[in-house]
Amino acid sequence: MHVNNELQAYVDSGQNIFIAHGKEAEGAANGALVLMPTSSPGFVTKDGQKFDFTSGRINTKSKFEFIYGTAEARIKLTDGAGLWPAWWMLGDGSWPQCGEVDIMEYVGEKDWISSAVHGPGYSGETPFVNRLYLSAGNDITRWHIYAVDWTPDCLNFKVDGNLMFRVNKKMAEHYGKWSFDNAKFLILNYALGGAYPVKINGVKTPYNGLPEGTIQQIKNHQARMLVDWVRITKMD
């Protein structure tokens, strides 16, 4: 699988998606899910496109979907320019009408993460995006709980229980239809480069949004997204 003009092909491989235990779990007591990009020069997808990197993406489409409640995950990340791991939700159907909720995106600066909402009339360069700047010593390389509280007319984004951003129905309807009254499935993925990182770091070579130093991290298996747990609490 490959999307969004990113630099990786998503593959079903134990090299890119696996469970770590003990020291490798980096503090997750019962083990951690790991999504890890790898250097795979000349990898060819089933439709004939070539990539130099492969990575992992998992979702619950057709397995688990929900509407209204809290979606949260405890996540630890590796710092590196051009890395783009994310934790998000998406509805069935065509985008952006289906509605997208980006609970956590990291694009290569370790002192902040962003959250965003996409729907018809407010997608892509969405007006609904916000950053949370993390305190020194408590950046993205530490464990954090990234969450969204979802009600029929509001999305409240939180980090470690603290509100960082809110988008409500009236705000969205200033631009287009509120697209958050349908069930969503969950997604965890690890992208490399692409439109969002390059806007942050301006790197054009050797790859769009991905500098040489980060490529060496990937080759050394040092770029990882660890997930301790994912929890969904539905509204009563």
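Each reported figure results from applying straightforward, stated rules to the coordinates on display, with no laboratory input. Model, not experiment: these values are computed from the prediction. Cβ: placed from backbone, ideal geometry, glycine included. Neighbour counts: every protein chain shown.
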Pick out, in residue order, every one of the trypsin sites (Lys or Arg not before Pro) in the stretch 48-127 that is DSSP loop and has at most 15 other C-beta atoms within 10 Å; say none if there are none. K61, K63
Write out the chymotrypsin sites (Phe, Trp or Tyr not before Pro) in the stretch 4-65 meeting two conditions: DSSP loop, and at most 15 other Cβ atoms within 10 Å of their Cβ. F64
Spatially proximal lysines relative to K170 (Cα-Cα < 24 Å; intrachain offsets below 8 disregarded): K158, K184, K234
Starting at 0 and stepping by 5 Å, how many percent of the alpha carbon pairs of the chain end up in each bin? 1, 7, 14, 18, 20, 18, 13, 7, 2, 0, 0
